[in-house]
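The values are calculated or read from the model by the stated rules, or taken from the named source; none is laboratory data. All figures in this text were calculated on a predicted structure; none of them were measured in a lab. Counting neighbours? That spans all protein chains shown, and the Cβs are built from the backbone with ideal geometry, glycine included. Keep in mind that these areas ignore ligands, DNA and RNA; they rest on the heavy atoms of the full protein, side chains included. Shrake-Rupley method; radii C 1.70, N 1.55, O 1.52, S 1.80 Å.
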Amino acid sequence: MVIVRTLIHESEVSLMKSDFVSNVSHELKTPLALIRMFGETLDSGIVTDEKDRQKFYGIIRKESE
């Protein structure tokens, strides 16, 4: 009985670790994707209006925080 409980506990801990890593990965990828997108847009020279550039820089700064 003790072995069965230990196996169940280990399985639950393993699942919790997997969920944690998945959530952390998702939370990091989302802002990084936005930073990259706005950075590439600025780098391409498509945005010529200074007000829009400042808006994009603000978004990059906010997402990096």
remark   = For the range 5-61 the number of residues that are in contact with a Leu (Cβ under 9 Å, 6 or more places away or on another chain) and open to solvent by less than 70 Å² (accessible area, probe 1.4 Å) is 3
remark   = Flagged in the range 29-65 as outside any helix (DSSP H, G or I) and touching a helix residue (DSSP H, G or I) at 6+ places or on another chain (Cβ under 6 Å), in numbering order, are 47
ask   = Within the set of pairs 6 or more residues apart or between chains, which connect a residue that is more than 19 Å from residue 61 (Cα to Cα) inside the range 7-35 to a residue that is open to solvent by less than 100 Å² (accessible area, probe 1.4 Å) with Cβ atoms less than 6 Å apart?
value = none
